[in-house]
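This is the structure, below, for whatever I ask next.
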Amino acid sequence: MSKKLVFSGVQPTGNLHLGNYLGALKSFVSLQKKMDCLYCVVDLHAITTFQDPKELNSNILETTAAFLASGLDAKKSIIFNQSSVSGHAELAWILNCVCRVGWLNRMTQFKDKAGKDKEKASVGLYIYPNLMAADILLYKATHVPVGADQKQHLELSRDIAQKFNNDFKVDNFFPLPEPLIQKNISRIMSLRDGTKKMSKSEDSDYSRINLKDSADEIVKKIKKAKTDTDPITDNIKDYEKRPEALNLLSIYSELSEQEIQKTITEFAGKNFSFFKNQLSEKLVETISPIGSNIAKLLNDKKHLEDVLKKGTEKAYIIAEENLKKIREIVGFV
Ligand code: AMP
Ligand code: TRP
């Protein structure tokens, strides 16, 4: 049995939002109390689509600030950025040679992100899931907290780990990493369209609550959020065809740490304008302190760089020890 170890990553590609917080960051924070954790700003992943170098640089620090502002503690967790531990790229190459083309061809995120013109997507975007497998396996991580959109990539990481162990006849060398996906609300949906996930890349800023939004912006966005004309009922089945209503009620439940049934019972018979006021209040209560903490942390870039540097030193030691063994297993001299 491998020692329990948590690994997860977030791309430094702009505004972090409520989906990132409820789908990932919140569980990063609760896990650091129970297990050894590595949390990585995955800058190598970010450049699979072109990033302006200056913006990338500031986004790396901003994502680090968001980690800390959400409650990650650099004394408890290893916080670092991917490109400063070169072992990620080295192991990714080895895993490129383990993973099969057919496996990558099944990845739905590539299809979504590459869009209609697949020929024009970067090769990096295509093999990105192998880099993600390398991130996890480099540390022999056993548990990976992610949002539901990453489930398929996690399954691929398990297949790659298993094939490596089989091909090189090293039983259980790589543990098969387990996804940790929030039970109640694994995907926060767009505020404009309840069938699409809330995302950094969506054009309309009204589709998401950013961690840096002011209280006024949060209230305005929730006021404008799409709902329908029906009142709130207390039968969960009624929401099967009401994705926007379900999304808002789920967000409220998650912020209140209660089951959705309790929320719909509480608000049954009320209209959405009443509910939206209560939801805005909860959001401001949770998100505003994080936003102002991010702003505060960004005033001291040196501190953020220092956090990454110290984290990198710790991550590097674990990575090198595992890589030494991996190089030996593969047969490098
Ligand atoms: P990314 O910003 O794509 O690097 O995602 C960072 C983490 O946030 C990953 O674990 C994602 O699965 C999670 N995440 C991103 N968007 C959402 C969403 N709309 N709902 C839930 N989790 C999300
Ligand atoms: N692919 C993840 C995303 O887009 C980010 C990521 C990169 C990650 N490497 C990882 C998540 C390793 C968990 C483990 O959200």
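Residues checked against (1) touching a Leu at 6+ places or on another chain (Cβ under 8 Å); (2) part of a helix (DSSP H, G or I); (3) without any contact (Cβ under 8 Å) to a residue 40 or more places away in the chain; (4) closer than 21 Å to VAL41 by Cβ:
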residue	(1), (2), (3), (4)
LYS270	no, no, yes, no
PHE275	yes, yes, no, no
LYS282	yes, yes, yes, no
ASP306	no, yes, yes, yes
ALA319	yes, yes, no, yes
ARG327	no, yes, yes, no
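Also, I was wondering about something else. So which residues in the range 281-311 are in contact with a strand residue (DSSP E or B) (Cβ under 7 Å, 6 or more places away or on another chain) and farther than 23 Å from PRO175 by Cβ? Walk me through how you get there before you give the answer.
Filtering the range 281-311 for residues in contact with a strand residue (DSSP E or B) (Cβ under 7 Å, 6 or more places away or on another chain) gives 307-308, 311.
Those that are in contact with a strand residue (DSSP E or B) (Cβ under 7 Å, 6 or more places away or on another chain) and farther than 23 Å from PRO175 by Cβ: VAL307, LEU308.
Continuing with this model, one more query. Specify which of the listed residues (LYS241, LYS282) is of a type in the set (Lys, Arg) and at pLDDT 95 or above. Even if it seems obvious, please write down each step before you answer.
Values: LYS241 fails: at pLDDT 95 or above.
None of the other options fit; the residue is LYS282.
Same structure again: Is the range 221-241 home to any residue that is in contact (Cβ under 8 Å) with a residue 40 or more places away in the chain and assigned to a helix (DSSP H, G or I)?
Checked the range 221-241: at least one residue is in contact (Cβ under 8 Å) with a residue 40 or more places away in the chain and assigned to a helix (DSSP H, G or I).
Being of a type in the set (D, E, K, R) and within 15 Å of ligand 1 (Cβ to nearest atom) narrows it down to one residue among LYS223, LYS200; which is it?
Numbers: LYS223 fails: within 15 Å of ligand 1 (Cβ to nearest atom).
Criteria check complete, one pass: LYS200.
Hey, could you check the range 129-146 for residues that are of a type in the set (Val, Ile, Thr) and within 12 Å of ligand 1 (Cβ to nearest atom) and say which is modelled with the highest pLDDT?
Here is the first cut: in the range 129-146, the residues of a type in the set (Val, Ile, Thr) are 136, 142, 144, 146.
Right, trim to within 12 Å of ligand 1 (Cβ to nearest atom) and you get 144, 146.
Numbers: VAL144: 98, VAL146: 95.
So the residue we want is VAL144.
Residue under question is ASP36, and the condition is that it be under 27 Å from GLU257 (Cβ atoms), more than 10 Å from ligand 2 (Cβ to nearest atom) and among the acidic types (Asp, Glu); does it hold?
Working: under 27 Å from GLU257 (Cβ atoms): yes; more than 10 Å from ligand 2 (Cβ to nearest atom): yes; among the acidic types (Asp, Glu): yes.
Answer is yes for this residue.
Can I ask one more? In the range 112-128, what residues are within 16 Å of ligand 1 (Cβ to nearest atom), surrounded by 13 or more Cβ atoms within 10 Å (Cβ to Cβ) and without any contact (Cβ under 8 Å) to a residue 40 or more places away in the chain? Give the steps one after another, and end with the answer.
The first filter runs over the range 112-128 and keeps only residues within 16 Å of ligand 1 (Cβ to nearest atom), leaving 112-114, 124-125, 128.
Add one more test, that the residue is surrounded by 13 or more Cβ atoms within 10 Å (Cβ to Cβ), and what stays is 113-114, 124-125, 128.
Within the range 112-128, just ALA114 meets the criteria.
Given the criterion among the aliphatic types (A, V, I, L, M) and over 27 Å from LYS26 (Cβ atoms), identify the matching residue among ILE160, ILE209. Give the steps one after another, and end with the answer.
Numbers: ILE209 fails: over 27 Å from LYS26 (Cβ atoms).
Sole residue among the options that is among the aliphatic types (A, V, I, L, M) and over 27 Å from LYS26 (Cβ atoms): ILE160.
Which members of the range 20-38 meet the condition of being in contact with an Asp or Glu (Cβ under 9 Å, 6 or more places away or on another chain) and within 7 Å of ligand 1 (Cβ to nearest atom)?
Of everything in the range 20-38, those that are in contact with an Asp or Glu (Cβ under 9 Å, 6 or more places away or on another chain) and within 7 Å of ligand 1 (Cβ to nearest atom) turn out to be LEU22, GLY23.
The values are calculated or read from the model by the stated rules, or taken from the named source; none is laboratory data. From a predicted model like this one, the values you see are computed outputs, not experimental measurements. A quick note on method: Cβ atoms are made from the backbone with ideal geometry, for glycine too, and the neighbour counts reach across all protein chains shown.
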